[in-house]
Amino acid sequence: MTYEQNTQWLEASKHDVTQWAAVMERDADERIIDWDWVCSLDFVAGVGAGARLDLVHDEYDAHALLMQDYAIRERLEAILENVTSVFMGDFDRNLDSFRLARALAYANRRLNDEITLIMEQGKVRRLWNVERRFEQGTAFVVLHGNEDAHANEIVDRSAQLAQERAQRRNHAMNQRKAGSQMMQQASLSSFTDDKVLSEESGQTSRPAAPRRSDSQYDWRMAYLPGRDVDAVLGIDIETTGTSAWRDYIIDVGFERMNLQTPAPEGAKARDVYSETDYAADGAYDQSRLSFGVPLRCAEVANPFIAQLTGIDVTKIAGEPIFDEWPRMQQALLERLMQQPYVAHNATFEHRFFMANVEGYAEAYRNGEITILDTMPMSRHWDAGSVPSPGHPHGDNTLEAYAKRQGALDGNSHERHLGLEDAHIMLVAMRHHLGTLKAAGEGPWGPAGRGGVGGKHTGRRR
């Protein structure tokens with residue numbers, strides 16, 4: 001497939017501002033959104049204060065640029081934090097498209113490249129030392145001044161903002177729960193009165209079965225398969241980090257597999273795995289897709305990703321970039337819609353697809369995409385997933401799950417490449433389902449679901 005870079009959609013996305021302004025007044029930090037400011041941003045050339053500078057060779061005030069870029073990123077990410085819930089909750093379909101949200105994510109990724117490069121150049125110029133920290137699931141940076149004595153005034157508030165937003169979400173959720181409980185109590189009170197009247201007239205009725213407490217419900221269970229699941233697409237992506245708004249998709253691997261029946265006649269199986277002891281083993285239609293990163297991202301080494309995946313981002317500048325390749329996005333979307341897709345910790349892939357793939361959010365909202373997840377299978381249906389101090393809910397990493405289900409040799413390790421990880425995931429899932437079916441457990445147990453199962457919204461047509 002020929003790579004055809006397309007950025008025209010970025011400017012066109014601003015035509016959607018009127019729709020978004022009508023349904024989304026405030027951002028995740030409870031500030032009123034300045035949609036005129038959003039329209040003023042140059043998504044193509046860059047939204048950062050140093051967008052038009054050569055950050056490696058030009059002279060500039062790194063301290064001032066970094067302060068400005070942090071402020072811009074905070075505004076953008078506060079909007080991005082709310083776009084998915086607003087779009088998915090738009091039941092009246094006032095929003096035609098998720099395009100503007102993808103454009104904001106596109107711009108923010110490149111802004112984050114600029115921030116990272118300025119920090120590294122400040123380190124090279126001995127302005128400061130860079131300390132990277134991780135707090136409650138959020139990465140952030142602390143600068144320690146050398147020649148820039150005021151470097152500590154440049155504060156990366158990523159973790160702080162994430163915690164504050166989580167607290168607001170939890171508060172709102174608790175309020176909704178309290179309101180729901182009050183309504184239930186009122187309903188029970190009404191039922192009691194009605195029951196007395198019914199008994200006086202010689203007629204009795206039975207109350208509805210009590211609902212399971214929210215505290216007993218794991219939201220991941222919505223991603224569990226049903227007893228009729230069969231043909232699926234297993235997929236795994238590798239990225240430059242964990243944030244769909246800051247990081248890039250650099251590797252995608254997928255393959256199809258029938259979990260309960262033989263592969264269809266004429267299915268093409270290929271042994272294209274990087275590990276010599278991997279075999280197709282029922283998989284077919286295997287594919288590996290590799291992508292590049294922008295120049296500014298490639299200017300800064302990413303040793304963690306290089307060690308994890310073997311992909312050196314400094315060597316993939318100039319390669320086709322996934323979020324600029326609409327034909328590749330469309331080809332991937334078509335596959336994701338053809339049958340349920342499976343991932344391990346599928347919300348990770350889902351977030352990146354929402355922020356990168358044209359049409360994915362719209363298809364998902366319309367109920368045209370079904371998502372299955374092997375992580376809750378491991379967590380709820382695998383007796384070998386035993387809680388421990390290091391893993392309170394059991395060790396449910398893909399490597400641990402695949403080893404317990406016989407899809408990965410005890411001496412081998414998860415490869416952290418898309419195709420290889422998708423393969424061991426599907427083999428483990430097939431083995432696991434076979435064991436569960438024989439024992440009458442999982443989808444075949446008392447609480448199992450009929451049909452394909454999985455998470456989808458709306459009504460499938």
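Among the residues of the stretch 54-110 satisfying the criterion of being open to solvent by 40 Å² or more (accessible area, probe 1.4 Å) and of a type in the set (Lys, Arg), which is nearest to Gly458 (Cα to Cα)?
My answer is Arg93.
Determine whether the stretch 30-38 contains at least one residue that is of a type in the set (Asp, Glu), open to solvent by 30 Å² or more (accessible area, probe 1.4 Å) and under 24 Å from Thr457 (Cα atoms). Outline the logic, then answer.
Our first condition is that a residue be of a type in the set (Asp, Glu); within the stretch 30-38, this holds for 30, 34, 36.
Those left that are additionally open to solvent by 30 Å² or more (accessible area, probe 1.4 Å): 30, 34, 36.
Still in the running and under 24 Å from Thr457 (Cα atoms): none.
Scanning the stretch 30-38, I find no residue that is of a type in the set (Asp, Glu), open to solvent by 30 Å² or more (accessible area, probe 1.4 Å) and under 24 Å from Thr457 (Cα atoms), so the answer is no.
Would you point out the residue of the stretch 1-29, among those that are open to solvent by 50 Å² or more (accessible area, probe 1.4 Å) and among the β-branched types (Val, Ile, Thr), that is farthest from Glu77 (Cα to Cα)?
If we take residues in the stretch 1-29 being open to solvent by 50 Å² or more (accessible area, probe 1.4 Å) and among the β-branched types (Val, Ile, Thr), then Thr2 is farthest from Glu77 (Cα to Cα).
Only residues that are over 16 Å from Tyr248 (Cα atoms) and basic (Lys, Arg): list them for the stretch 322-351, please.
Hits for the stretch 322-351 are Arg327, Arg335.
Out of everything in the stretch 136-156 that is of a type in the set (D, E, K, R) and either part of a helix (DSSP H, G or I) or open to solvent by 80 Å² or more (accessible area, probe 1.4 Å) (or both), what residue ends up being nearest to Leu76 (Cα to Cα)?
Within the stretch 136-156, the first condition is being of a type in the set (D, E, K, R), and the residues that meet it are 147-148, 153, 156.
Subsequent filtering for residues that are either part of a helix (DSSP H, G or I) or open to solvent by 80 Å² or more (accessible area, probe 1.4 Å) (or both) retains 147, 153.
Working: Glu147: 30, Glu153: 21 Å.
Residue satisfying both the conditions and the ranking: Glu153.
If I filter the stretch 325-368 down to residues being of a type in the set (Asp, Glu), open to solvent by 10 Å² or more (accessible area, probe 1.4 Å) and touching a residue at least 24 places away in the same chain (Cβ under 8 Å), which single residue comes out as farthest from Trp219 (Cα to Cα)?
Applying the first criterion (of a type in the set (Asp, Glu)) to the stretch 325-368 yields 334, 349, 358, 362, 368.
Pick out the ones that are also open to solvent by 10 Å² or more (accessible area, probe 1.4 Å) and you get 334, 358, 362, 368.
If we keep only those that are touching a residue at least 24 places away in the same chain (Cβ under 8 Å) too, we end up with 358, 362, 368.
Values: Glu358: 27, Glu362: 22, Glu368: 20 Å.
Across the stretch 325-368, the extreme among qualifying residues is Glu358.
Can you tell me how many residues within the stretch 255-292 are outside any loop (DSSP other than H, G, I, E, B) and touching a residue at least 60 places away in the same chain (Cβ under 8 Å)? Reasoning before the result, please.
Step one: list which residues in the stretch 255-292 are outside any loop (DSSP other than H, G, I, E, B), which gives 255-258, 283-290.
Imposing the further condition that a residue be touching a residue at least 60 places away in the same chain (Cβ under 8 Å) reduces the set to 255-257, 283, 286-289.
Going through the stretch 255-292 one residue at a time, the tally reaches 8.
Pick from Ala306, Ala301: which is open to solvent by 20 Å² or more (accessible area, probe 1.4 Å) and either part of a helix (DSSP H, G or I) or touching a His at 6+ places or on another chain (Cβ under 6 Å) (or both)?
Values: Ala301 fails: either part of a helix (DSSP H, G or I) or touching a His at 6+ places or on another chain (Cβ under 6 Å) (or both).
Only one candidate qualifies: Ala306.
Among helices (runs of 4 or more DSSP H) lying entirely in the stretch 8-76, which contain 2 or more residues that are more than 23 Å from Met88 (Cα to Cα)? Lay out the reasoning, then the answer.
Numbers: elements: 8-12, 17-23, 35-40.
It comes to 8-12, 35-40.
The values are calculated or read from the model by the stated rules, or taken from the named source; none is laboratory data. Please read all numbers here as calculations on a predicted model, not as lab measurements. Glycine gets a Cβ as well: all are built from the backbone with ideal geometry, and neighbour counts include every protein chain shown. These accessible areas exclude ligands, DNA and RNA; they are computed on the full protein's heavy atoms, side chains included. Shrake-Rupley method; radii C 1.70, N 1.55, O 1.52, S 1.80 Å.
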